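Data block below; observations after.
No lab work stands behind these numbers, since they all come straight from the coordinates. Bear in mind that the values here come from a model prediction, so they are computed numbers and not experimental data. Every residue, glycine among them, receives a Cβ derived from its backbone with ideal geometry; neighbour counts consider all protein chains shown.
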There are 2 protein chains.
Amino acid sequence: MASAYNDTVRVFKAFCDENRLRILEMLRTGEKCACKLLDDLHITQSTLSHHMKILCDAGIVQGRKDGKWVYYSISPEGAGYAKKLLEQQLSLEAFSGENGSCCDR
Amino acid sequence: MASAYNDTVRVFKAFCDENRLRILEMLRTGEKCACKLLDDLHITQSTLSHHMKILCDAGIVQGRKDGKWVYYSISPEGAGYAKKLLEQQLSLEAFSGENGSCCDR
DNA sequence: TTCACACATTCAAAATTGTCAATATGTTTT
DNA sequence: AAAACATATTGACAATTTTGAATGTGTGAA
């Protein structure tokens, strides 16, 4: 499965789960402790940990450890990178060549 | 599974498959016939059709039927909507309230 | 009207993902 | 050192997604 798109897929998958979107929404108002996130979501602790790993591996979220606690926040760099990827995927190229009518003869 | 995030998830899932990313890349240079896409991808026709449905249902791609053929292209409106959704998900809110230290006492 | 073609749909199998219970790891408190 | 706590990891299972073979639908050509 290794491909040039792995990185892009990893980033966008971060936004493809309802609970992860809820988490991002909570983080939009600033850094939150994992236990705070857990309070508001109706999932178990191991499930939260799983989602935080996906968000962090995608670079969208960063964790800051402080004693027993971990504080999560949206990574500005990761957010910028995701936006850049989306722009790239959707930008229309100025194209000089032959485009249409592969089929009509 | 019905939730307020359904729409968002549907849009971002469009970008979470390697073949769909390849398809989008091909469409960046303009409208393409399904058969042209099929030529360049190493998947079966039914698999292509499945992916095109996901891209169209997400609003990212639009299809134009012409006789036996369907020409697909990136939808500028859909593309704009996806970018808007991502902005929303990642924008940091100016927040006046209490944020931190849910845990330390 | 019959045939060939382009694309969509259905079905079943394989792969991936989300979930929770149990357990492990590391930190603070007693 | 032991107990309590916050989070991560593992393992198992259910749900979802990707895929291709077979089939259906609509269109143009013979």
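Worth pointing out:
- GluC sites (Glu not before Pro) restricted to the stretch A:1-100 and DSSP loop, no more than 13 other C-beta within 10 Å: A:E93, A:E98
- Sites B:R10 and A:S46, calculated FRET efficiency, Cβ-Cβ separation with R0 25 Å, nearest 0.05: 0.40
- Taking every C-alpha pair closer than 8 Å and separated by at least 6 residues, the mean separation divided by the residue count of chain A gives a relative contact order of 26 percent.
- Rg over Rh [alpha-carbon atoms, Kirkwood Rh] for the protein assembly as shown: 1.06
- Each stretch of four or more DSSP H residues adds -39500 (n - 2.57); spread over every residue of the protein assembly as shown, this sum gives -15000 deg cm²/dmol at 222 nm.
- Interatomic Cα distance distribution for the stretch B:1-46, bins of 5 angstrom, percent: 5, 18, 23, 19, 14, 11, 8, 2
- As a rough footprinting exposure proxy, the listed residues B:T8, B:T47 were ranked by other beta carbons within 10 Å of their own, and the order from fewest upward is B:T47, B:T8.
- Counting every pair of alpha carbons in chain B, the share spaced more than 17 Å apart comes to 59 percent.
- A cut-off of 5 Å between modelled amide H atoms, ignoring neighbours fewer than 5 places along the same chain, links A:V61 with A:C56, A:S75.
- Nonlocal amide H pairs with B:V70, under 5 Å, H built at 1.01 Å: B:A34, B:C35
- The HN-Hα couplings worked out from phi for the stretch B:75-90 by the Karplus form 6.51 cos²θ - 1.76 cosθ + 1.60 (θ = phi - 60°) are 7, x, 5, x, 4, x, 5, 4, 5, 5, 4, 5, 4, 4, 5, 10 Hz, whole numbers, x standing for Gly and Pro.
- Comparing B:L90, B:L41, B:L55 in a Gaussian network model of chain B (Cα springs below 10 Å), the most mobile by mean-square fluctuation is B:L90.
- Hz values of 3J(HN,Hα) by residue in the stretch A:54-68 - Karplus curve (6.51, -1.76, 1.60), Gly and Pro given as x: 5, 5, 6, 4, 6, x, 6, 10, 10, x, 10, 8, 9, x, 6
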